[in-house]
Amino acid sequence: MKQRQLRHVFPKASQYDPEWVRKHSMGENVLFNLESLTKSLHLEPGMRVLDLGCGKAISSIFLAKEFGVTVWAVDEAISASDNYERILEEGCEDMVIPIEADARSLPFAEEYFDAVIVVDSYTYFGTDEKYLPYIARFVKPDGYIAIVDVCFTREIESLKEVPKFLRRDYKNYWYFIHSIEWWRKLWKKTGLVQIEAAEELSEADVVREHYIKDFEQEKKPDAFAKALKFDDQRFISFFKLIGRRTRRTAYLQSYKAAPKK
């Protein structure tokens, strides 16, 4: 896709140095996915945002710069000190706070955040039925819980339904990827959020194209990029799921313990 077209699809993300983004993305272009998600969110300066599973914190830097929000950049696997160096380099030290923490053991007060945003990592810890009730505790009433991640265009119910091109790696990775409808039902039945969006990214083909291109240029083996390349039926895609936190309920008040690992 030509740069002019890319600027039209992702006017904010395309302003960032593509080499910088590629270097600090832990998968597909994190800013493309994040910008697509934020098109469906109402973020205002001064809001408190939890960027959960932030990786190398470029998503947090993007949120701070583009929307003027204060961001807590939380990741278990990436050093908070390393992220702080990137935050300093981008002049965001007054707006982005790096923290090393487990997504299931967060050090925050209840109803502290206006929004929890999770880019490309919710599938690693959020498929547990108890996780949404846990994370919802930290969101103000009417605040957002918003994720953008990989999905299948239909649910796989048994190993017989796994497409041929995924069978080799399915048991190592793909088994916890689900359809959008699966995610909608998981969240809806809790009664804790009002679903505001549960849909495939309109820019999914652009994200796919650039992910494959980036790894072909790097000439590094990547199982996900390989799967996308052989996915002729567009079985793999990208989706956004946004819930608005309902008012405090007796169930949420009584839910005090973090979900077990």
key: Among residues of the stretch 87-116, those that are touching a helix residue (DSSP H, G or I) at 6+ places or on another chain (Cβ under 7 Å) and not acidic (D, E), counted   = 9
query = Restricting attention to the stretch 148-182, which residues are among the hydrophobic types (A, V, I, L, M, F, W, C) and more than 13 Å from R234 (Cα to Cα)?
reply = V148, I156, L159, V162, W174, F176, I177, I180, W182
task = Would you be able to say whether some residue in the stretch 54-76 is in contact (Cβ under 8 Å) with a residue 60 or more places away in the chain and in contact with a Leu (Cβ under 6 Å, 6 or more places away or on another chain)?
result = yes
message = If the requirement is being over 20 Å from the mean Cα position of the chain (by Cα), within 20 Å of V69 (Cα to Cα) and not small (G, A, S), which of these qualifies: E157, E161, E111?
response = E111
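Here's the yes/no breakdown for (1) surrounded by 16 or more Cβ atoms within 10 Å (Cβ to Cβ); (2) part of a strand (DSSP E or B); (3) more than 21 Å from the chain's Cα centre (by Cα):
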{"site": "I145", "(1), (2), (3)": "yes, yes, no"}
{"site": "V150", "(1), (2), (3)": "yes, yes, no"}
{"site": "K171", "(1), (2), (3)": "no, no, yes"}
{"site": "E181", "(1), (2), (3)": "no, no, no"}
{"site": "A198", "(1), (2), (3)": "yes, yes, no"}
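Here's the yes/no breakdown for (1) assigned to a loop (DSSP other than H, G, I, E, B); (2) surrounded by 14 or more Cβ atoms within 10 Å (Cβ to Cβ); (3) in contact with a strand residue (DSSP E or B) (Cβ under 7 Å, 6 or more places away or on another chain):
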site	(1), (2), (3)
R168	yes, no, no
R184	no, yes, yes
S202	yes, no, no
V207	no, yes, yes
D214	no, yes, no
Q217	no, no, no
P221	yes, no, no
A227	no, yes, yes
message = Can you go through K164, K140 and tell me which one is within 21 Å of R208 (Cα to Cα) and open to solvent by 30 Å² or more (accessible area, probe 1.4 Å)?
response = K164
ask   = Checking Y134 against (1) in a helix (DSSP H, G or I); (2) of a type in the set (S, T, Y); (3) surrounded by fewer than 18 Cβ atoms within 10 Å (Cβ to Cβ), which single condition isn't satisfied?
value = (3)
request  = Quickly run through the stretch 71-113 and pick out the residues that are charged (D, E, K, R), surrounded by fewer than 21 Cβ atoms within 10 Å (Cβ to Cβ) and in a strand (DSSP E or B).
outcome  = E100
note = Selection from the stretch 1-59 of residues part of a helix (DSSP H, G or I) and closer than 20 Å to Y144 by Cα yields V30, L31, F32, N33, L34, E35, S36, L37, T38, S59
message = Being open to solvent by 40 Å² or more (accessible area, probe 1.4 Å), at negative phi and touching a residue at least 24 places away in the same chain (Cβ under 8 Å) is the requirement here; does E157 meet it?
response = no
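The values are calculated or read from the model by the stated rules, or taken from the named source; none is laboratory data. Note that the coordinates shown come from a computational prediction; the quantities given were computed from them, not determined experimentally. Here Cβ is always computed from backbone atoms with ideal geometry, including for glycine, and neighbour counts include all displayed protein chains. Just so you know, the surface numbers come from the protein's heavy atoms only, side chains and all, with ligands and any DNA or RNA stripped out. Shrake-Rupley method; radii C 1.70, N 1.55, O 1.52, S 1.80 Å.
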